[in-house]
Amino acid sequence: MKENLATVQTHSKINLLDAAQSLPTAWKSTVLGQAAGANVKVLRMDGQAYPDESHDFDEALLVLDGRMNLFIQGSQIEVRAGEMYIVPAGVPHAVAPDSHGTLVIIDR
C-alpha cells in the first residue's frame, strides 16, 4: 500500500481514526511514527480492491473499524475490527472488494 510520510513528534497522542479520516486518498497510508524500528502507519479502506503486493519483511495488518477481506495464498480471509493478520515476508497478498474502515499497518 502506498505511503505518505507524516511528521509526528515523539510522545504525541494520536487519534488513529481521525488520522485515517483526514487522509485525502483511500489506500494511501501515512506513517504516524516509529516504535522499536517499525513504522506505524494508518490508512482508510473505501470498499475498492487493492492489487497484489509482497514485501521483504513481515507486515502486521490491524483493522480498527470495518473489515478487510484479505486474499492470500488462494484463500480469502475476513479480518474484522479488533483483529490482526500478520503477512509473512515474501507472501503475495491483495485486498478483495468490500473492505472498508480503518487499517493500521506495522512494518519496516
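The values are calculated or read from the model by the stated rules, or taken from the named source; none is laboratory data. This is a predicted model, so every value here is computed, not measured. Surface areas here come from the heavy atoms of the whole protein model, side chains and all, with no ligands, DNA or RNA. Shrake-Rupley method; radii C 1.70, N 1.55, O 1.52, S 1.80 Å.
Connecting C-alpha atoms closer than 10 Å in a GNM of the chain, tell me which of Met68, Met84, Met45 has the biggest fluctuation.
Met84
Before I look further, what does the chain give for accessible area per residue, probe 1.4 Å, in whole square angstrom?
Working: 6090 Å² over 108 residues.
Roughly 56 Å² per residue, with all protein chains present.
Helix-only estimate, please: 222 nm mean residue ellipticity of the chain, summing -39500 (n - 2.57) across DSSP H runs of length 4 or more and dividing by its residues, to the nearest 500.
Calculated at 222 nm, the ellipticity per residue is -1500 deg cm²/dmol.
Among Ile72, Ile86, Ile14, whose mean-square fluctuation peaks in a Gaussian network model of the chain (Cα, cutoff 10 Å)?
Judging by the Gaussian network model, the answer is Ile14.
What percent antiparallel are the DSSP beta bridges of the chain, to the nearest 5?
90
With a 1.4 Å probe and every protein chain kept in, tell me what percent of the accessible surface of the chain is carbon plus sulfur. List each step's numbers first, then the result.
On the way: 3090 of 6090 Å².
The C+S portion of the solvent-accessible surface of the chain is 51 percent.
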